[in-house]
Structures are given as structure tokens and as C-alpha cells.
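First the structure, in the form of C-alpha cells, and then the observations on it.
Just so it is clear, none of the values below were taken in a lab; they were calculated from the coordinates. These numbers were taken from a predicted model, which means no experiment stands behind them.
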Amino acid sequence: MIVELSENDNTNISELIRDISSQGPLNTVVIREVKHMGDTYNVPGQAGNVGPDGHVEGNTFQQQNGKIETPFDLPVLAIQLEALRSAMKQEAKTAEHDMSIGSVAQAEATASNGDAPGTLAHLKAAGEWALKMARTIGVEVAALAIAHSLAGG
């Protein structure tokens with residue numbers, strides 16, 4: 001038995017097979033093509049609700065252009081993080097210091113690539129020692145960025 005369904009056919013395939021098999025023994029059932037089953041929703045941006053029978057109320061949406069603004073000049077920050085990393089390597093005495101240096105190196109790389117959120121995440125992981133060292137060697141943009149990230153910004 002061969003069953004052909006059109007694209008707009010709302011037949012439930014499972015029910016169809018059950019109905020056919022209830023009519024007696026079958027050797028073979030061939031379904032040639034299923035182009036689409038179920039709903040498809042493509043939502044490239046914000047959505048309060050998607051799909052049938054949905055309901056939403058009391059939401060507030062803020063549109064963003066996809067770029068997170070940062071108060072720091074990332075190219076300048078990358079240069080200062082390079083200087084900070086170099087100074088930290090000279091002062092490192094513990095495993096925690098080495099881990100902080102690694103986080104500063106990652107922040108330097110992400111700042112060079114223009115990734116503000118990634119940079120701030122790595123600076124947060126760099127911790128208090130990185131902030132202290134940045135202040136000590138006078139890399140103010142780096143110190144402000146680390147302090148901002150540690151404060152949750």
C-alpha cells in the first residue's frame with residue numbers, strides 16, 4: 001500500500017498507520033515524503049509568546065541593537081592588559097596568581113577581538129589581585145574595567 005499526502009494535509013501519520021493496520025495484515029506501507037510535521041516558528045529577536053493558544057501579559061521589552069555598550073575603549077584596554085599581564089608574571093608567587101594571569105590574558109585576547117562581554121567576564125575571574133596590580137602599575141583603564149567587572153558590571 002502506498003499513501004501519498006499533500007503538503008497541506010492535516011492527517012496524523014500515527015493515526016493513519018493505526019487505521020490501515022487495523023484493516024488486516026500488511027506487507028509494506030510506504031510513505032513517500034513528509035515535508036513538514038508540526039508548527040515551525042522562527043524568532044530572530046525578542047518574543048513574548050510564540051505558538052498557538054499562548055498567552056502573555058504584563059511584560060516589558062527593551063530593544064537592543066545586539067551590541068553591549070561598554071564604557072571602556074577596548075583597544076586601549078587590550079594594550080593596558082598586556083602591560084598588566086607582564087607585570088603580574090614578574091610578581092606571581094601562587095597558583096592563584098597564575099590563574100589570575102591566565103584570566104587577564106584571556107581578557108586581553110577578547111578585548112583585542114572587540115568582545116566587551118567576554119572581556120568583562122574574564123576580568124571578573126582575574127579577581128582582586130589583578131585589580132591591585134593594575135592600580136600599582138598605573139594602568140587606569142584596566143583598573144577601572146576590573147573594578148567594574150568585580151562590582152557586577
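Side notes on the structure shown:
- For residue 83 and residue 50, the difference between the fully extended length at 0.36 nm per residue and the C-alpha to C-alpha distance is 7.0 nm.
- Here the extension length gained between residue 94 and residue 23 equals 17.9 nm, from 0.36 nm per residue of separation less the Cα-Cα distance.
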